[in-house]
Amino acid sequence: MRATVTAHKDYTISKIDDRVYGAFLEHLGRAIYTGIYEPGHATADKNGMRGDVAQLVRELKVPMVRYPGGNFVSAYNWEDGVGPRAERPTRLDLAWHTSDSNAVGVHEFADWCELVDTEMMLAINLGSRGLDDARNFLEYVNGPTGSYWGDLRKKNGHADPFNVKLWCLGNEMDGPWQVGHKTAHEYGRLANEVAKTMRAFDKKLELIVCGSSNADMPTYPDWEREVLEHTYDNVDHISLHMYFANRENERALAEGGTAEALAKNTANYLALNEKLDRYIATVASTINFVKAKKRSKHNVYISFDEWNVWYHSNKQDRKILDGNDGWPHAPRLLEDIYNFEDVLQVGLILNTFIRRSDVVKLACIAQLVNVIAPIMTDPKGQAWRQTIYYPYYFASVFGRGTALQLDVNSPGYDAVHGDNIGYVDVSGVHNEEDGTISFFAVNRHASEAIDVDLSLEGFGAATVIDHQVMTHENLRAVNTATAQTNVAPAKGSGAKVDGKTLSVKLQPYSYQMIRVKV
Ligand code: AHR
């Protein structure tokens, strides 16, 4: 099979906001406890932060991390996590049916962010709490000393304001599962008052209002319209979430499904980013609709602050979530073990964000450590990279610059979520500072290699400087503590530039990064 792609220096989508490669850490399962924080671990620093985990996070160059939830935040009292540790209360977490010692709070998280060189994105509780707590938390985090909250922060060890810019106004407030779930009207009114109040403290904050928890919510996309009608001029981003699953294959595997049935499910699974693309396009249109209705000059963008594959652990989590284990502290929850198929999926999702970088300015892989995460740890043991670590790594490290508007001609197939889905999915990023273009490509075909001719227009002479390939004979291959590199990238060969044409062969079911110097 063959495909052609044209990249032109002047046909661009947008400058990519680096923060589209952000991540998320929630007080959930072992994300914090025995994830980033494990005093007594062989690699722990004086604050109890695991050095092996910090090293893997630094490698990813994560630009910002959302904290402390998620569903957790909707019944969280931030005050529980500040002050002397010995005096912090252990609380029951109603979202995940666990308990939390509060050994980690905003100060420890801020220290960890400094350690891994990332920016904080904080979420406020608009479920069980409201305006007063939001302003108190903001003043505690960013306020000057000489005021009540600033002085308390100083007493707790941090005189300087943390200067957090990114603030999420609650989490998934459209979800009936959320503590303090609200209608769009109730939430829109509250979010607007909170946003106004936070802006009265600091006009330069970037505020993120809740959109839909997923594109199948019965209230979507009316929720976005109504919430934005209440908040438009006072917020900067609207938050969307989406999780990806191949449940059909899980069922088919359990029932001994045929190879043909499994391949069809994979084909549908790998077309899900078409649904993601439509979700983004719909919300972008809704933003424009409200902007026009308000006669506003202000721009609102999308913060895709929870995205990932999430389904492998669903069954095993039921016991804890149903309350059959009492209130365990930091149990194994949402510990999806990712396979090679998920590498392709994560590559496709990131390609979509690159292509939608004109409207998606913030995004967070959910989550970062242990909980539906690219990094796994064993308590007292090792930390390792899950399969999905790699496409996230490649995009985050090399996908910075300007997204190119590629013209792609690829044979395709029909799937549940769209027709004529190209077997080749590709994004391209031009980094003018270092004079490189990085292409991230996925071949969705199960058995056919695809020869791609990529025409580089307006760039001048080009040479291949890197070619990384991820492929595996088994879509269900995983990495574990004892087989950490079972699924890992290998140096590709055969990518070459002839004149202005970059040619590369994409093996069946493969993820590839090809970088050229121009
Ligand atoms: O990331 C796991 C959970 O997924 C988050 O807590 C919630 O916001 C979403 O439903």
- [ ] Could you go through segment 237-250 in sequence order and give the Karplus-derived ³J(HN,Hα) for each residue, using 6.51 cos²θ - 1.76 cosθ + 1.60 with θ = phi - 60°, rounded to whole Hz, and x for Gly and Pro?
- [x] 9, 10, 8, 10, 10, 7, 10, 10, 8, 10, 5, 4, 6, 4
Task: Mean-position separation - Cα centroids, segment 139-181 and segment 310-355, in angstrom - done: 28
TODO: About the Cα centre of segment 227-278, how large is the charge dipole given +1 on each Lys and Arg Cβ and -1 on each Asp and Glu Cβ? Please answer in debye to the nearest 20.
DONE: 260
TODO: Taking the convex hull of the Cα atoms, report for the chain its projected area averaged over all directions, in nm².
DONE: 23.8
TODO: Could you pull out the trypsin sites (Lys or Arg not before Pro) across segment 263-336 that fall in loop regions by DSSP (anything but H, G, I, E, B) with no more than 15 other Cβ atoms inside 10 Å?
DONE: Lys294, Arg295, Lys297
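Calculate the FRET efficiency for Asp378 and Gln405 from the Cβ-Cβ distance with a Förster distance of 30 Å, rounded to the nearest 0.05.
So the FRET efficiency works out to roughly 0.10.
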Open item on the list: I need the trypsin sites (Lys or Arg not before Pro) found in segment 7-104, filtered to DSSP loop residues with at most 15 other beta carbons within 10 Å of theirs.
Closed with: Lys46
Task: Only Lys, Arg (+1) and Asp, Glu (-1) charged, at Cβ; the chain dipole about Cα centre in debye - done: 620
- [ ] Please provide three numbers in whole Å: the alpha-carbon extents of segment 137-187 along the principal axes, with the largest listed first.
- [x] 40, 18, 17
Open item on the list: Going by Cα centres, segment 362-385 and segment 448-515 are how many Å apart?
Closed with: 25
Task: For segment 386-447, size of Cβ-based charge dipole, Lys and Arg +1, Asp and Glu -1, in debye - done: 200
Task: Rel. contact order, % - alpha carbon contacts under 8 angstrom, at least six apart, the chain - done: 20
- [ ] For segment 6-76, just say rounded, prolate or oblate: build the C-alpha gyration tensor, square-root its eigenvalues into a ≥ b ≥ c, call rounded for a/c under 1.5, and beyond that prolate if a/b exceeds b/c, oblate if not.
- [x] oblate
- [ ] Send over the Kirkwood Rh of segment 1-146, from the inverse of the averaged 1/r over different Cα pairs, rounded to one decimal Å.
- [x] 17.3
Task: Most positive-pole-ward Cα, Thr231, Met217, Phe244, against dipole of segment 157-259 from beta carbon charges - done: Thr231
Open item on the list: Ignoring everything except DSSP H segments at least 4 long, calculate the 222 nm mean residue ellipticity for the chain; use -39,500 (n - 2.57) per segment, divide by total residues, nearest 500.
Closed with: -8500 deg cm²/dmol
Task: Under the Karplus curve 6.51 cos²θ - 1.76 cosθ + 1.60, θ = phi - 60°, whole-Hz ³J(HN,Hα) for segment 215-227, x wherever Gly or Pro sits - done: 7, 9, 5, x, 8, 6, x, 4, 3, 4, 4, 5, 4
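Anything over 31 Å Cα to Cα? Flag those among Lys15/Lys264; Lys264/Lys500; Lys61/Lys319; Lys361/Lys517; Lys9/Lys294; Lys15/Lys154, in the order listed.
Violating the 31 Å limit, Cα to Cα: Lys15/Lys264; Lys264/Lys500; Lys61/Lys319; Lys9/Lys294; Lys15/Lys154.
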TODO: Sort largest first and round to whole Å: the equivalent ellipsoid semi-axes of segment 359-518, each the square root of five times a Cα gyration tensor eigenvalue.
DONE: 28, 19, 16
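Every read-out reported here was derived from the displayed coordinates using simple, explicitly stated rules and does not represent laboratory data. Since the structure is predicted, the reported quantities are computational estimates derived from the model, not experimental observations. Backbone-built Cβ (ideal geometry, glycine too); neighbour counts: all protein chains shown.
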